[in-house]
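Novice: Starting off with a structure, shown below.
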């Protein structure tokens, strides 16, 4: 394989390009890879994936289409009109580090506040144990200094400012600093105890406090708002400004402002993994090395979680801006996932062939189609990506005219589709890539791995991935949830997640058989598809009687998914193909406990009268046209129901026919067609007692009966009062 193709596949393996990116298309050329690498965002994402925490993605512009605007502004800055106005030039080629504030300034404040003597460079000739001890002391002493800083903020700022600020302003500025103080009081004590025994258990301390340090997510994500609130109060309220200045003089002689001190907690929590990394590098021969590795991974995970919470806070702010700018929007945009890209395109529906200027907002789940209306947008269409697929339109690319670079969004069920036109080929490439990313998020390739049914999900509480045990990071749509077993997972971990608990078939569900082919059309809304052919046997996992969609598992392949409930029918217990079954008269029922053999009606009455209500049996009727009958005792009476055999079908009423006596009770159940045995009118309680009596005399597994009982009651409750029959169903056949 050519090296540039290997490079493209490697970028896909690193999760920075979608699996179906054009670099792996058979028609791809090296120029496609070069175009992808022009995107600095991609390279920043690659660096972050290879070395988590090495780059702060919140500082990256994830909307690189804005680079065209930056380029245009740069050119305009050199224009003579700009020069006469005194506007300085901005050269795109100059060193970007001269154009942005240096992050080291914040680090300088942190180092000044937390500085301790052990931070001096390690001397030549020191042994590994000496270096390890230096690392341990640095962790202990910097933590003590940090805890003192937190106490200073509480004592010298929070307590005095309560006299002039409202509780709301206090919370806005100091967020959850009081909670941080409580956690670090315990954290410092645990570190001190570990150091008393040589620091060998320090890794365990970090592992134990990982969950408690999650509160930094809230603190760090609200920091920008806290700073803005404080600056606003200082600028507009003289009493607050004077009180803050008075407090500042009490902390290190006024060397640091309150704004500086509030940033220290955010810097401290992001230092832990660096401190542990240095300690690990000098603990190669230590017995606690493995636990140190785990502690390092835990603190790296914590840092990434905090950064993701910060990014989500900013993303939600951006989504809120979108929300307020779109008129007639009745839904919350945050329900559609994260924004991917937005901009102007020309749109043409497959029904209406007119190109129209539209502004599109692409999210993980939908694309919002709008029309510009001054500074706002008028909603025109919300297209759900789950029901569409994207295809290229290479024919239009040959046209050199603007807005001729197109691609399609086609509905999976053949409904209305859309064609989008971009101004340039580069713009088309970026839009198609973002569409591919969004569709990959909402329909990941491995969503059904190991019998799961993973769906993109917002976890209300912090959750760990079932596979890698790391946090599902962020505040919304952090990962994927299997609604069957409740497992959460990262997208990249779906394939390695342990098998779904429902795959333990200790108690298999009812069997049903396909009566028509189903190849995925129509598709279940928002659910994975289960395809099958006529005669396939399916285990029913979930099926509301009133729902058009049921969930099941194909017994042949063990694959699970959703299908139309109208495509199946109850499956006889004898689940062999119909062609291989014996006629009903040739089946030997003697092995079944409910079969009484040849028995007269009077003999049956005498037998059942001596048993409790609910006892039943199936018997052969001597010298009768209909071979079988069902006899059941209820309310001190014995009832008999003929089992009719006609045209190779068996039934007790024309409305329900079966291929054998060996069918489940739920298959025979009908609230409208079976004979009556309860006094009328009957209540739900009467029905419940009848069913419980019936099941108490049955020999089948209790789990089956309890689920069946619940199902029957649900069906009864779903009927409106006028539709409810005056009589409950007769116990027509025993479950096999």
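The values are calculated or read from the model by the stated rules, or taken from the named source; none is laboratory data. Note that the coordinates shown come from a computational prediction; the quantities given were computed from them, not determined experimentally. Counting neighbours? That spans all protein chains shown, and the Cβs are built from the backbone with ideal geometry, glycine included.
Novice: Only one residue in 89, 105 is closer than 30 Å to residue 238 by Cα and modelled with pLDDT under 95. Which one?
Specialist: 105
Novice: Shifting gears a bit: Identify the single condition in (1) at positive phi; (2) in the same structural domain as residue 369 (by TED's automatic domain parsing) that residue 412 does not satisfy, given that it satisfies every other one.
Specialist: (1)
Novice: What number of residues within segment 518-547 satisfy the criterion of being modelled with pLDDT under 90, within 20 Å of residue 415 (Cβ to Cβ) and in contact with a helix residue (DSSP H, G or I) (Cβ under 6 Å, 6 or more places away or on another chain)?
Specialist: 1
Novice: Quick check on my filter: what residues within segment 451-475 are in a loop (DSSP other than H, G, I, E, B), touching a helix residue (DSSP H, G or I) at 6+ places or on another chain (Cβ under 6 Å) and more than 15 Å from residue 499 (Cα to Cα)?
Specialist: 462, 470, 473, 474, 475
Novice: To continue, here is another question. Can you name the residue in segment 230-265 that is in contact with a helix residue (DSSP H, G or I) (Cβ under 7 Å, 6 or more places away or on another chain) and without any contact (Cβ under 8 Å) to a residue 40 or more places away in the chain and is also surrounded by the most Cβ atoms within 10 Å (Cβ to Cβ) among such residues?
Specialist: Looking at the filtered set, the residue picked out is 248.
Novice: In contact (Cβ under 8 Å) with a residue 60 or more places away in the chain and more than 22 Å from residue 394 (Cβ to Cβ): which single residue out of 445, 426 fits that description?
Specialist: 445
Novice: Still on this model: Search segment 562-572 for residues being buried (at least 21 other Cβ atoms within 10 Å of the Cβ) and under 28 Å from the mean Cα position of the chain (by Cα), and hand back the single one that is modelled with the lowest pLDDT.
Specialist: Only one residue tops the list, namely 562.
Novice: Among 321, 344, 334, which is the only one that is outside any strand (DSSP E or B) and either touching a residue at least 60 places away in the same chain (Cβ under 8 Å) or more than 27 Å from the chain's Cα centre (by Cα) (or both)?
Specialist: Just a single option satisfies the conditions, and that option is 334.
Novice: For the condition in contact with a strand residue (DSSP E or B) (Cβ under 8 Å, 6 or more places away or on another chain), closer than 27 Å to residue 111 by Cβ, touching a residue at least 40 places away in the same chain (Cβ under 8 Å) and part of a helix (DSSP H, G or I), what is the one hit in 302, 292?
Specialist: When all the criteria are applied, what remains is 302.
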